[in-house]
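So the structure is just underneath, and the comments pick up after that.
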Amino acid sequence: MKCTQCGNETFIEGLRFPIHFDGRMDSGFEMFVCDKCGYVEFFFEKAMDYNREINKAIKSHDSMIDGPKQKLAKLRGRALELKTELKRIYESEVVKLEAIVANEDISVKQHKDAQSKLNTIKNLTSREKREMSGLDFSELPSKRELDRLEHQVKDLEKMKEQDILAIKRKYDL
Ligand SMILES: [Zn+2]
């Protein structure tokens, strides 16, 4: 924050006084006095408090969410990379075998071998496909662990939303 008059950035802070509407106290003003030129700025206390509280809540929630969220994004990204690479390897193998099977210049034995490999490869389970690809999936957690992490992030985000809503309701702004 800067002084409107002189641009100074240091103030005498913490000066508050109440304001009365119809004889009842309705929040108040917070005063900032520039310690260089004496210029005074007034802020509506309720809004200042609201902003402080909401920023504090957001910061505190984000500090809890950031870690798991980044971890999840990293793992998801890596999982997608591996999945894409697996698909590429698998499909190129299928294309290769289909080309051999379609080739009319090969022996019956070669044709039968290729056809049999093609049948095998088309019936592989996802685990077998992974093994066939030679890719290392060990760095990835299980789907269950990944789901749990996702739930954790969702729960934390929900808590943040609820907290923010509660603060908004409290200040009624
Ligand atoms: Zn000033």
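Read the figures in this text as sums done on the coordinates, not as results from a lab. What you are looking at is a predicted structure, and each value in this text was computed from that prediction instead of being measured. We place every Cβ from the backbone using ideal geometry, glycine too, and count neighbours over all the protein chains shown.
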TODO: Could I have the simple spin-label model distance between Gln5 and His111, label points 7 Å from Cα toward Cβ, reported in nm to one decimal?
DONE: 9.9 nm
Open item on the list: Helix-only estimate, please: 222 nm mean residue ellipticity of the chain, summing -39500 (n - 2.57) across DSSP H runs of length 4 or more and dividing by its residues, to the nearest 500.
Closed with: -23000 deg cm²/dmol
Open item on the list: Give me, ordered by chain and number, the residues 5 or more places off Ile106 or on other chains with an amide H under 5 Å from its own placed amide H.
Closed with: none
- [ ] When you have a sec, figure out the Kirkwood radius of the range 47-148 from all distinct Cα pair distances and drop it here in Å to one decimal?
- [x] 17.7 Å
Open item on the list: Assuming 0.36 nm per residue, please report the length gained on full extension of the stretch Arg16 to Val33 beyond their Cα-Cα distance.
Closed with: 5.0 nm
- [ ] Report, by chain and number, residues whose modeled amide H sits under 5 Å from the one on Gly28, excluding near sequence neighbours (fewer than 5 apart, same chain).
- [x] Ile19, Glu45, Lys46
TODO: Kindly flag which residue pairs out of Lys46/Lys154; Lys46/Lys69; Lys56/Lys168; Lys83/Lys160; Lys2/Lys168; Lys36/Lys59 have an alpha-carbon separation exceeding 23 Å in this structure.
DONE: Lys46/Lys154; Lys46/Lys69; Lys83/Lys160; Lys2/Lys168; Lys36/Lys59
Task: Charge context of Ala99, other residues only, Cβ under 13 angstrom, K/R +1, D/E -1 - done: -3
TODO: Measure nothing but the geometry: give the 0 to 90° angle between the long axis through the Cα atoms of 143-171 and the longest principal axis through the Cα atoms of the chain, rounded to 10°.
DONE: 20 degrees
Task: Between helix 108-122 and the chain: long-axis angle, C-alpha atoms, 0 to 90°, nearest 10 - done: 30 degrees
TODO: Enter the Cα centre distance for the pair the range 105-173 and the range 23-95, rounded to the nearest angstrom.
DONE: 28 Å
Task: 5 angstrom amide H check on Leu15, placed H, neighbours 5+ away - done: Met31
Open item on the list: Give me the net charge for the shell around Tyr50: Cβ to Cβ below 9 angstrom, other residues only, Lys and Arg +1, Asp and Glu -1.
Closed with: +2
Open item on the list: Can you sort Lys154, Lys109, Lys83 from fewest to most other Cβ atoms within 10 Å of each residue's own Cβ?
Closed with: Lys109, Lys154, Lys83
- [ ] Once you have the Cα-Cα distance between Phe42 and Lys74, take 0.36 nm times their residue separation minus that, and quote the gain in nm to one decimal.
- [x] 6.9 nm
Task: Electrostatic dipole magnitude of the range 47-173 [Cβ: Lys, Arg +1; Asp, Glu -1; Cα centre; debye, to 20] - done: 320 debye
TODO: Enter the angle in degrees (range 0 to 90, nearest 10) between the Cα long axis of helix 45-102 and the first principal axis of the Cα atoms of the chain, meaning the one along which they spread out most.
DONE: 10 degrees
